[in-house]
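Any read-out appearing in this document is the output of simple, stated calculations on the displayed coordinates, not a laboratory observation. For clarity, every value in this text was computed on a predicted model and none was experimentally measured. Methodologically, a virtual Cβ is constructed for each residue, glycine included, from the backbone with ideal geometry; neighbour enumeration extends over all protein chains shown.
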Amino acid sequence: MAADVLDELKLLDREALMERMAAELPAIREKLKVSQEALAEKTGVDAAKIKAAESGKRPFKWSEYMSILFVIWNNDIGKGMLDARGLFPDVLKKAMSVNRNAHAPENEVM
């Protein structure tokens, strides 16, 4: 990975991203018509943890954030919502070599 991407990653405010994901997730799930339980099943993040994060009772862990991020990113509508909300920063995409055109995303999360 290029040094400039590593430097940018060091500046990434993970805490803020995880907090914003927790705050935005109910609206994203509603738009995608996905329950907490269905998202939990797809991501491997316990539904109780999703509920607690959405209600502000506990923060997401980075691994939970990333699991949720990738499931939502694999949906055309979800991808647009993540981009519009800045929940998948370009530096993180670069670091992970995520290419929007690498494969056709699914139309449904579930």
* **Among 40, 23, 67 - extreme Cα towards positive end, dipole of segment 3-96, charges at beta-carbon** => 40
* Asked: For the cross-link pairs 10/79; 33/93; 10/31; 57/94, which exceed 27 Å when the distance is taken from alpha carbon to alpha carbon?
  -> 10/31; 57/94
* To do: Multiply the residue gap between residue 77 and residue 95 by 0.36 nm, knock off their C-alpha separation, and tell me the result in nm, one decimal place.
  => 4.2 nm
